[in-house]
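The block underneath contains the structure these notes are about, expressed in structure tokens.
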Amino acid sequence: MREIKNVAIYCRTSLIKSDISRQVFELKALAEFNKWQIVEVYTDEGFSRTTSRRPGLDRLIQDAVTRKFDTVLTLELSRLGSSLKHLIDVVDFFKKHNINLFIKNQNIDTSTITGYFFFSILTSVSQFEKDLLSERVKSKLQMLKQKGIKLGRPTKVNDALKQKVIELDKSGVSYNKIAKQLKIGVQTACKILKEEDSKLCSKVAKKFADTTLNY
């Protein structure tokens, strides 16, 4: 285990009126007991756990890039990450910059094998949840397709509308005017005409092929 020398303290409260000094006191006492050098104390007062962007946390991350400290001390997991994914992202960021995390109440130290193993489990659980959700979505979509249910936003494009677009185009009406008159998007009108041109080209090619064979 690498010896911890320079540490940063991070504290957060959900309410502005909440006293953050207790967290600071406990973590300072921890650092002093272990004879760790406190580089700086970063605080965010009045920021809920679900808020990922916080001035104190942002500054902590910026200073981590320059390796201003070796380890980040915080009171508990919920003080640091806004969610499991955010927490893992923050810890991975620290790890890339060779900075460890010490969480007092859970007694987690990522510089140890046990601490590293703990966060490996968290990462695996997070990935498992994402994979499971993805599989559920795919399964649901497949079931809907088998039932003949069309996916995506409802569309008013039908054969009658397509015919009107083709007729207006043959009359020399511009794409913008066609879209405005039929209350559809310009891209929708272009797509209909492109499909029609493709069908026409296929018919001409087939007719040419048949003529060549007969010849």
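State whether the residues of the range 108-123 include one that is out of contact with any Phe, Trp or Tyr (no Cβ under 9 Å at 6 or more places or on another chain), charged (D, E, K, R) and at pLDDT 80 or above. So far as the range 108-123 goes, no, none of its residues is out of contact with any Phe, Trp or Tyr (no Cβ under 9 Å at 6 or more places or on another chain), charged (D, E, K, R) and at pLDDT 80 or above. Among the residues of the range 100-114, is any in the same structural domain as residue 10 (by TED's automatic domain parsing), part of a loop (DSSP other than H, G, I, E, B) and in contact with a Lys or Arg (Cβ under 8 Å, 6 or more places away or on another chain)? Yes, the conditions are met somewhere in the range 100-114.
With 80, 101 as the choices, which residue is of a type outside the set (Lys, Arg), in contact with a His (Cβ under 9 Å, 6 or more places away or on another chain) and under 15 Å from residue 10 (Cβ atoms)? Write out each step before concluding.
Working: 101 fails: in contact with a His (Cβ under 9 Å, 6 or more places away or on another chain).
It is 80.
Counting only helices (runs of 4 or more DSSP H) that sit completely within the range 1-83, those holding 2 or more residues that are crowded, with 20+ Cβ neighbours inside 10 Å, under 25 Å from the mean Cα position of the chain (by Cα) and free of Cβ contacts under 8 Å to residues at least 60 places away in the same chain correspond to 55-65.
The values are calculated or read from the model by the stated rules, or taken from the named source; none is laboratory data. Remember, predicted model here, so these are calculated numbers, not experimental data. FYI the Cβ positions are ideal-geometry reconstructions off the backbone, even for glycines, and counts take in every protein chain you see.
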